[in-house]
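See below for the structure under consideration.
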Amino acid sequence: MKLLEKILLAADFSQSTDNLVENAIGLAKTFQSQIILIHVLPDDITNEKARLLLNDAAINQLELINDKIKSEGVETDNPILEYGNHFDKIIKTADNIHANVIVIGAGEKTKDDVFQLGTTAEKIIRKSTKPVWIVKNNSPLDVKNILCPVDFSTESKRALKNAIIMARRFNAELIVLSVYEMIYSDSLKLKLDWEEETEYIRLEHEREFNSFLEGFNLTDLNWDREIMKGLPSEEILKAISLYNTDLLIMGTTGKSGLNRIVMGSVTEKVVREVPCSFITIKSEDIIDLRLGTKIRDIETHYNIAKQLMRDGFLRESINEYKICLSINDMHIPSLHGISKVYKKLNEEQRVQKYKSMVKEVVARIWDKEIEDEIRKSYKF
C-alpha cells in the first residue's frame with residue numbers, strides 16, 4: 001500500500017539543491033515513495049559544442065543525485081532530461097508519469113526579499129493540477145507543526161484531508177485555521193449596528209467552521225482549530241509566525257471561482273511571502289489510497305490494515321483486517337484490530353462482538369491443543 005507513490009523532483013543544480021534532495025528523500029522514506037528526477041535545459045542554445053557540454057554536465061549531475069537517493073534506500077527511476085520551458089516541461093512530465101506531487105525549490109531568494117518565491121515555482125503552482133511542494137532554502141524536513149487554512153471550499157477540503165494524513169505520518173501538530181473578514185464603517189452613527197453585524201458574522205462563521213470539521217476524521221490526532229479576523233492573507237502569515245509553522249498546506253483556489261490555471265488571490269499573496277516550506281493543492285490529492293486486494297499474504301494485509309488505522313482510514317482498515325480473516329478465520333490479531341477500529345468509531349456493539357469472537361477463537365485453540373495432546377497418547 002502506497003499513499004504517495006511517485007515524487008517528481010525538479011532539480012536546478014543550484015546551491016539549495018542538496019537541501020531540496022534531502023527533503024525529497026525524507027518525504028519518500030515517510031511514505032515509501034519513488035523519486036523521479038527531472039532537469040530542464042534551455043532549447044535555444046545555438047552553439048552545438050556548448051549544448052553538448054551542458055547536456056553531458058546535466059546528465060552527470062542527475063546521475064550523481066540519483067545515486068545519492070538510491071544510497072539512502074529510496075527507490076528511483078531513470079532521471080529525465082528535458083529541453084524547453086522549465087515550468088511547462090515539469091508540469092507535462094508530472095502528468096505523463098502520474099506523479100502524486102511535484103517537489104521543487106523556492107528559488108534562490110534571501111530572507112530580505114519581500115517576495116520569496118521564484119518565477120518557475122510560482123508558474124508551476126499556477127498552471128499545474130498536481131499538488132506542489134515548495135521547499136524553502138535551508139529548511140530541513142523536520143515537520144512538527146502543520147498549518148492548514150480553510151475557507152470551506154472544495155479545494156480547502158481537499159487540502160485538509162491531505163494535511164490530516166501528513167500530520168499523522170510526521171507525528172506533527174495540526175492547526176486548522178479559518179479567517180473571517182471584519183466589517184468597517186466610517187459612520188459613528190452606525191458603529192453600534194456594524195459591531196452587532198460583525199458579531200453575527202463571527203458566530204455564523206464559527207458555526208460553519210464547526211460543520212465543516214465534522215466531515216473529517218480527527219481521532220487520535222494532535223490538532224487544534226483557530227479562528228482569526230482580518231484579511232485572510234495577512235492572518236495566515238501571522239499564524240505561521242505564531243505557531244512556528246514548519247509546513248503550510250493550502251488549496252490554491254477558493255470561493256472566488258477562478259479557473260484552474262489561476263491561483264486564488266489569497267493563496268497568491270501568501271505563497272509569495274511565506275517563510276516556511278509549503279504545499280499547494282488544487283484538483284488532485286497528494287495522497288492516493290490504492291489497495292491491492294489480490295494479495296493473499298495475511299501478514300501483508302495485516303500490516304496494511306495497521307497502517308490504514310494509523311493514517312485514519314478506519315473503514316478501509318476494517319476491510320483489510322477482514323481480508324486477513326478470509327484467509328484465516330482464527331487470526332486473533334485481526335479480530336483485535338477490528339475491535340480497536342470500532343472503538344475509535346464509537347460503535348460499542350461491534351466492539352463487543354469482535355471481543356467475543358476473540359474469546360471464542362482462544363477457546364477453540366485451547367481445546368484443539370488439548371485434543372492434540374490426547375491424540376498423541378490415545379488412538380481412536
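Values in this text are rule-based calculations from the coordinates and carry no lab data. Quick caveat: nothing in here was measured; it's all calculated off a predicted structure. Here the Cβ is made from the backbone with ideal geometry for all residues, glycine too, and neighbour counts use every protein chain on show.
Just to check I understand the Karplus step: with θ = phi - 60° and J = 6.51 cos²θ - 1.76 cosθ + 1.60, what whole-Hz values come out for segment 49-55, glycine and proline as x?
Working through the residues one at a time gives 5, 5, 5, 5, 5, 5, 4 Hz.
Filter the GluC sites (Glu not before Pro) in segment 44-108 down to the DSSP loop ones having no more than 16 other Cβ atoms within 10 Å, then list what survives.
GLU72, GLU108
Collect residues whose amide H, placed 1.01 Å from N in the peptide plane, falls under 5 Å from the amide H of VAL179; neighbours closer than 5 in sequence don't count.
Result for VAL179 returns VAL150, MET228.
Once you've got the Cα coordinates, tell me which of LYS161/LYS282; LYS89/LYS282; LYS306/LYS343; LYS238/LYS269; LYS49/LYS92; LYS92/LYS123 are over 22 Å apart.
Numbers: LYS161/LYS282 13 Å; LYS89/LYS282 19 Å; LYS306/LYS343 14 Å; LYS238/LYS269 13 Å; LYS49/LYS92 28 Å; LYS92/LYS123 13 Å.
Among LYS161/LYS282; LYS89/LYS282; LYS306/LYS343; LYS238/LYS269; LYS49/LYS92; LYS92/LYS123, the Cα-Cα distance tops 22 Å for LYS49/LYS92.
Classify segment 298-377: rounded, prolate or oblate, from the alpha-carbon gyration tensor (a ≥ b ≥ c, eigenvalue square roots; a/c under 1.5 rounded; otherwise prolate if a/b is larger than b/c)? Present the calculation step by step, with values, prior to reporting the outcome.
Values: a/c = 3.82, a/b = 1.89, b/c = 2.02.
Oblate, since a/c reaches 1.5 and b/c is not below a/b.
Please work out the Cα convex hull volume for segment 129-183 and give it in Å³ per residue. Spell out each step's value before the answer.
Numbers: hull volume 6.8 nm³, N = 55.
It comes to 123 Å³ per residue, whole-number rounded.
Report ³J(HN,Hα) in whole Hz for each residue of segment 86-103, in order, from the Karplus equation J = 6.51 cos²θ - 1.76 cosθ + 1.60 where θ = phi - 60°; Gly and Pro get x.
So the J values, rounded to whole Hz, are 4, 5, 5, 5, 5, 5, 5, 5, 4, 5, 5, 9, 6, 5, 7, 7, 9, 10.
Among all the aspartates and glutamates, which ones have a C-alpha under 19 Å from LYS340's C-alpha, if same-chain residues fewer than 8 places away are not counted?
Candidates past the 8-residue exclusion: ASP220, GLU299, ASP311, GLU316, GLU320, ASP329, GLU348, GLU360.
Once amide H atoms are placed 1.01 Å from N in the peptide plane, what residues at a sequence separation of 5 or more from TRP223, or on another chain, have their amide H within under 5 Å of its amide H?
LEU174
Through the Karplus equation 6.51 cos²θ - 1.76 cosθ + 1.60, θ set to phi - 60°, convert the phi angles of segment 143-157 into ³J(HN,Hα) values in whole Hz; use x for Gly and Pro.
Using θ = phi - 60°, the values come out as 8, 10, 9, 10, 10, 10, x, 10, 10, 6, 7, 4, 5, 6, 5 Hz.
Can you tell me how segment 1-140 classifies by the Cα gyration tensor, rounded, prolate or oblate, using a/c under 1.5 as the rounded cut?
Note, shape of segment 1-140 comes out rounded.
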